[in-house]
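Worksheet: one structure, shown below.
The values are calculated or read from the model by the stated rules, or taken from the named source; none is laboratory data. Being a predicted model, the structure only gives us computed values, none of them experimental. Positions of Cβ are generated from backbone atoms using ideal geometry, with glycine treated the same way; all protein chains shown enter the neighbour counts. Heads up: the accessible areas ignore ligands, DNA and RNA and are worked out on the full protein's heavy atoms, side chains in. Shrake-Rupley method; radii C 1.70, N 1.55, O 1.52, S 1.80 Å.
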Amino acid sequence: MSERPRVLILGGGFAGVGAAQKLRRADAEVVLVDRHNYHTFQPLLYQLATGLLETTAVGHSLRDLLERQDNTTVHQATVTGVDLDAREVRFDELAPLTYDFLILGLGAEVNFFGTDGAAEHAFPMYTLPQALRLKDHLLERWEAADHDPSLVDDGVLNVVVVGGGPTGVETAGAIAELYRAVFARDYPALPQERARVILVEAGPELFSMFKPRLRRYAAKALEKRTVEVMTGAMVSSVSPTRVTLKSGEELKAHTLVWGAGLQGNRLVQSLGLELRRGNRIAVGADLALPDHPEVYVLGDVAAITDSKTGQVLPQLGSVALQSGEHAGEAIARRIAGKAAKPFRYRDKGTMAMIGRGAAVVQMLGGRTMTGRTAQAAWGTVHLALLPTNEDRAKAVVDWAGTTLTHQRVGRITVRDE
Ligand SMILES: Cc1cc2nc3c(=O)[nH]c(=O)nc-3n(C[C@H](O)[C@H](O)[C@H](O)COP(=O)(O)OP(=O)(O)OC[C@H]3O[C@@H](n4cnc5c(N)ncnc54)[C@H](O)[C@@H]3O)c2cc1C
């Protein structure tokens, strides 16, 4: 170990990168480890899957993000175990590392709630490879129908999206726009009006986290985009070509996108800590573990109680980024012999895009926005979350292109021959 304290950051998501950036001037050896060598911008994965953005606008090299920090090293490795008492972390392809401070920002993963066939056949939307796999799969279904139009009767073009929260609504809206505005022109011989996009939600309404006005707005905006909404419906099993609901109804669909549930990274179950609902670890007001003040738990894997409302904060990019920045600053202060401050979350609003010109925003105080104003607010918040100005520029160019021309990027499938 070097003489400087080592800050080991697990996870290069919003939380991990936010923490690392705030430690750039600290007198510390900062080591960030992620199983990927890139940072994934999860809120825009659905835009990658539907050709609204290029891969490089959604994934950014972690080494590039942190290369100007002389005190920081990046490793690509998978965390396999954390020993809180020995202050040591084990990896798959990297020698174990000890630490003086640990930042746990390993994020969330999909939860299929034991749905039969979902792990094998559903398309979740939590990682970059998953978004690219969905993009290829959709294109391949249209190419298959082009070869054999009788497959349309079997539901080859139909997509079922599970989950009436922001991920499901955004994905369903974007796929419907891709179908109606782009694939309708790319495949003029196919009856695109028979390509159904069905959004299935178990609860009585979509967008349960939003006010009724925003729920009504979203339902109308989806209808306008020809998305069929089924509420009070639960998926019980999935096969490559069929989706069966708990009611027994069978939907013909060769694609099922899963946007219904997530849970904290399963690794947290091995830490011997008490877990909250959804595999999340409860942290103190400073975001550290009460029994291990050298360990900070952040972002999606943490249950952070908001000091203003007393509620556990939602799993959002802005919560992860702010918690990461706070922990980075707190550790830098402690290394400098100063006292750390408690975490205060600054609400940026809860928001979702439904399609071109259609979005909803709800602020903590209750203020709401819809339509183009909400879309502009959504764009501003998401651009601010992107890690570099280069990424912001790329996103603006791609968004401007698709808004003006209705075109989508990269509608090609590249395979081994
Ligand atoms: C489809 C989707 C849409 C979303 N839309 C929005 C939105 O519009 N607005 C918003 O604010 N939030 C949105 N969110 C939520 C937001 O993306 C998350 O809250 C945020 O990414 C959490 O940040 P994090 O740093 O905690 O975790 P993550 O960003 O998930 O980062 C965790 C990192 O840990 C790494 N990792 C995981 N396991 C291991 C391991 N064993 N070893 C090594 N590395 C590991 C991962 O590779 C990843 O880089 C969305 C999420 C999803 C999935």
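Along the positive direction of the dipole of the chain (beta-carbon charges: Lys, Arg +1; Asp, Glu -1; about the Cα centre), which of 355, 387, 15 reaches farthest?
355
Under the √(5λ) rule applied to the eigenvalues of the Cα gyration tensor, what semi-axes describe the equivalent ellipsoid of region 137-176? Give them in Å, descending. Can you show the working numbers first?
Numbers: eigenvalues 118, 19, 8 Å².
Semi-axes from the Cα gyration tensor: 24, 10, 6 Å.
For region 166-312, which semi-axes, largest first and in whole Å, follow from the square roots of 5 times the eigenvalues of its Cα gyration tensor?
After diagonalising the Cα gyration tensor, the semi-axes are 39, 18, 15 Å.
What ranking do 32-38, 197-203 get when scored by the average of other Cβ atoms within 10 Å per residue, highest first?
Output ranking for 32-38, 197-203: 197-203, 32-38.
Would you work out which of 260, 207, 288 lies farthest towards the positive end of the dipole of region 164-291, given +1 charges on the beta-carbon of Lys and Arg and -1 on that of Asp and Glu, about the Cα centre?
Working it through, the farthest residue towards the positive pole turns out to be 207.
Determine the sum of side-chain charges near residue 16: Lys and Arg each +1, Asp and Glu each -1, restricted to other residues whose C-beta is under 13 angstrom from that of residue 16.
My count for the surroundings of residue 16 gives -1.
Which value, to two decimals, describes the C-alpha radius of gyration of region 296-377 once divided by 2.2 N^0.38 Å?
1.34
P(r) for the chain: what percent of alpha-carbon pairs falls in each 20 Å bin, starting at zero?
Percent of pairs per bin, in order: 26, 55, 18, 1.
Calculate the tail of P(r) for region 106-196: the fraction of all Cα-Cα distances greater than 24 Å, expressed in %.
For region 106-196, the share of Cα pairs beyond 24 Å comes to 25 percent.
Which order, highest average first, do 150-161, 300-311 follow once you tally other Cβ atoms within 10 Å for each residue and take the mean per peptide?
150-161, 300-311
For residue 279, which sequence-distant residues (separation of 5 or more, or a different chain) have an amide H within less than 5 Å of its own amide H, given hydrogens modelled in the peptide plane?
Amide H to amide H, under 5 Å and 5 or more residues apart or across chains, residue 279 pairs with 264.
What number does region 44-83 give for Rg over Rh if you use C-alpha atoms and the Kirkwood radius?
1.15
In debye to the nearest 20, how big a dipole does the chain give about its Cα centre with +1 on each Lys and Arg Cβ and -1 on each Asp and Glu Cβ?
1780 debye
Can you give me the Cα centroid spacing of region 111-182 and region 305-323 in angstrom?
Here the two parts' Cα centres lie 31 Å apart.
Running Debye on region 154-214 with equal point scatterers at the Cα sites and no solvent, what base-10 log of I(q)/I(0) appears at q = 0.12, 0.13, 0.24 Å⁻¹?
-0.35, -0.40, -0.95
How big is the charge dipole of region 1-69 about its Cα centre, in debye rounded to the nearest 20, if each Lys and Arg gets +1 on its Cβ and each Asp and Glu gets -1 on its Cβ?
160 debye
Take each of the peptides 142-148, 378-384, average the number of other beta-carbon atoms within 10 Å over its residues, and list them starting from the highest.
The most tightly packed comes first, giving 378-384, 142-148.
Hey, if you put +1 on the Cβ of every Lys and Arg and -1 on every Asp and Glu Cβ in the chain, which of 311, 163, 104 ends up farthest toward the positive end of that dipole?
311
Counting only Cα atoms, I'd like the Rg/Rh figure for region 254-394, Kirkwood definition for Rh.
Rounded to two decimals, Rg/Rh equals 1.02.
Let me have the relative contact order for the chain, percent, based on Cα pairs under 8 Å that are six or more residues apart.
Across the chain, relative contact order equals 20 percent.
Need one number: % antiparallel among DSSP beta bridges in region 1-137, to the nearest 5. Write out the running numbers ahead of the final one.
Numbers: 9 of 23 bridges.
Approximately 40 percent, going by the DSSP bridge assignments.
Taking only Cα atoms, what is the 0 to 90° angle, nearest 10, from helix 128-147's long axis to the longest principal axis of the chain?
10 degrees
In debye to the nearest 20, how big a dipole does region 63-147 give about its Cα centre with +1 on each Lys and Arg Cβ and -1 on each Asp and Glu Cβ? Intermediate values should be presented prior to the final figure.
On the way: 7 positive and 16 negative charges, 36 e Å.
Taking the Cα centre of region 63-147 as origin, the dipole is about 180 debye.
Specify the residue with the greatest mean-square fluctuation among 280, 133, 213, computed from a Gaussian network of the chain linking alpha-carbon atoms under 10 Å apart.
Comparing 280, 133, 213 in the GNM, the peak value goes to 213.
Taking N as the number of residues in region 187-267, what is its alpha-carbon radius of gyration divided by 2.2 N^0.38 Å?
For region 187-267, the normalised Cα radius of gyration comes out at 1.28.
Percent of accessible area on the chain owned by carbon and sulfur, 1.4 Å probe?
In the chain, the share of accessible area belonging to carbon and sulfur is 49 percent.
Per residue, how large is the accessible surface of region 244-354? Use a 1.4 angstrom probe and give square angstrom.
Numbers: 5000 Å² over 111 residues.
Per-residue value: 45 Å².
Specify the angular offset, from 0 to 90 degrees and rounded to the nearest 10, of the alpha carbon long axis of helix 371-385 from the longest principal axis of the alpha carbons in the chain.
Helix 371-385 sits roughly 40 degrees off the main axis of the chain.
In square angstrom, what is the accessible area per residue of region 169-216 with a 1.4 angstrom probe?
42 Å²
In a Gaussian network model over the chain where Cα atoms closer than 10 Å are linked, find which of 104, 138, 271 has the largest mean-square fluctuation.
271
Given the options 137, 326, 39, state which has the largest fluctuation in a GNM of the chain using a 10 Å cut-off (strictly under) for Cα springs.
Top of the fluctuation ranking is 137.
Semi-axes of the equivalent ellipsoid for region 14-126, please: Cα gyration tensor eigenvalues, times 5, square-rooted, ordered largest first, whole Å.
29, 21, 11
As a check on your grasp of the helix formula, calculate [θ] at 222 nm for the chain: sum -39500 (n - 2.57) over DSSP H runs of n ≥ 4, divide by the residue count, round to the nearest 500.
That calculation yields -9000 deg cm²/dmol at 222 nm.
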